[in-house]
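Just below is one structure, and these are the notes that go with it.
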């Protein structure tokens, strides 16, 4: 089956259209659908030309050569496929049913020609002919999935209602159990507790944009309750922190959700503590007897702003703010931390910005600067970035214009992010000598991300849109 997965991946251009072959789309853990050979090759050409720039012809030739070497035909050329009996004007479907069982559905123009090609190159492959299609698999039991069409499943119907243009632009369907099987044996699946769910992804090509739309969800009462509670939060900022961003930072992000609940959910899902938040909370509590979770996280409003300015000397330099409900509680937390550090006769660095006290907490791999201004808890890995932001706020010096979707989000609860790709690559390249990513993303100007939970009852999941904007 792995040979046929490779077959499809070589064909994939991530753009699809509506088709009359619904009956061939069986239920599976992973389903990939493309509308025609010509359509997907043009999409693949679009991606390669934008991502590889001057190296496009070389990369394209390499892909063609790999196809010929592995399968005896050039899947990038319609004439080559036609020579072995494959029709190039009809949809293609791959269905991974479960475990190592799946099938590939190919449209045929000449059945006998294709049979001869398969007999010569893939004699052990199981075949089933359905009208003008052939189904290929390493396991004939995979064809049993046809008895339960994906298009009739509850999850797929829900997802297509959230992404109404999915049949026009194409789709990839996946279930969380497929992701679990992919990580089986790595130790990750044992420690990351994902609820049973599903997702649908559609990719749209435009002249200067690549848009990825997705809907991920789960039919779970606890998950449904969680999504509603996540949208129940206070949000009363005294000023818009992101209005004071200067320069060309790598990333600007904002989250408007119930952050206390989001943190508890993160602790439930991320048993590995990959972000290190849980270990920081535990370290402060054990070492200084202060409760960051109680006094800050549970005391937060539904507002988090983050700016990653650059990558320098092996670390990301960032600053941001967290909205808080009770300023006095946070001030008491900072005072307690300061007193405990002094009691242990450890170094404490304190400073003021316009008479407002700020502190530095020294960590193993850097420093964490923090303080409270109005109802915002400010934090940063770099003092100069923090001071500049606070000064601009006090002096009312506005910064860069934010993307429209930041100032006019589609709904109250959700998250938005903006990535300046060239600033990111320039910063990483100067500090690490990274070259591969620069070659790959040479044509990408920036990336815009929006993600929002369901607001209608019942609420099952999230709709996310990622836009890659190109220079040309």
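Observations on the structure shown:
- Taking the criterion of being buried (at least 20 other Cβ atoms within 10 Å of the Cβ), in a helix (DSSP H, G or I) and either touching a strand residue (DSSP E or B) at 6+ places or on another chain (Cβ under 7 Å) or modelled with pLDDT of 95 or more (or both), the residues of region 29-66 that qualify are 40, 43, 50.
- Of all the numbered requirements in (1) more than 14 Å from residue 415 (Cβ to Cβ); (2) modelled with pLDDT under 90, residue 266 misses one, and that requirement is (1).
- Residues satisfying the criterion are present in region 107-118 (criterion: crowded, with 20+ Cβ neighbours inside 10 Å, more than 35 Å from the chain's Cα centre (by Cα), assigned to a helix (DSSP H, G or I) and at pLDDT 90 or above).
- Odd one out for residue 399 among (1) within 21 Å of residue 369 (Cα to Cα); (2) surrounded by fewer than 19 Cβ atoms within 10 Å (Cβ to Cβ): (1)
- Test: residue in region 86-100 that is buried (at least 18 other Cβ atoms within 10 Å of the Cβ), part of a helix (DSSP H, G or I) and in contact (Cβ under 8 Å) with a residue 24 or more places away in the chain: no
- Among residues of region 405-442, those that are at pLDDT 80 or above, surrounded by fewer than 17 Cβ atoms within 10 Å (Cβ to Cβ) and assigned to a loop (DSSP other than H, G, I, E, B), counted: 5
- Enumeration of residues in region 403-427 that are touching a helix residue (DSSP H, G or I) at 6+ places or on another chain (Cβ under 6 Å) and within 14 Å of residue 305 (Cβ to Cβ): 416
- Condition check for residue 358: in contact with a strand residue (DSSP E or B) (Cβ under 7 Å, 6 or more places away or on another chain) and modelled with pLDDT under 90: no
- Conditions (1) surrounded by fewer than 18 Cβ atoms within 10 Å (Cβ to Cβ); (2) modelled with pLDDT of 90 or more; (3) in contact with a strand residue (DSSP E or B) (Cβ under 8 Å, 6 or more places away or on another chain): number failed by residue 445: (2)
- Matching residues, region 126-165, being free of Cβ contacts under 8 Å to residues at least 40 places away in the same chain and crowded, with 18+ Cβ neighbours inside 10 Å: 134
- A single member of 383, 285 is assigned by TED's automatic domain parsing to the domain that holds residue 422 and within 20 Å of residue 249 (Cβ to Cβ), and it is 383.
Each row is one residue, and each column tells you yes or no for (1) in contact (Cβ under 8 Å) with a residue 24 or more places away in the chain; (2) assigned to a loop (DSSP other than H, G, I, E, B); (3) over 22 Å from the mean Cα position of the chain (by Cα).
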| site | (1), (2), (3) |
| --- | --- |
| 234 | yes, yes, yes |
| 239 | yes, yes, yes |
| 242 | yes, no, yes |
| 255 | yes, no, no |
| 265 | yes, no, no |
| 282 | no, no, yes |
| 285 | no, no, yes |
| 321 | yes, no, yes |
| 335 | no, no, yes |
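- Here 105, 78, 82 are screened, and the one residue that is in contact with a helix residue (DSSP H, G or I) (Cβ under 7 Å, 6 or more places away or on another chain), in the same structural domain as residue 49 (by TED's automatic domain parsing) and either within 16 Å of residue 26 (Cβ to Cβ) or free of Cβ contacts under 8 Å to residues at least 40 places away in the same chain (or both) is 105.
The values are calculated or read from the model by the stated rules, or taken from the named source; none is laboratory data. Just so you know, these numbers come straight off a predicted model, no measurement behind them. Don't worry about glycine lacking a Cβ; one is built from the backbone with ideal geometry, like all the others, and counts go over all protein chains shown.
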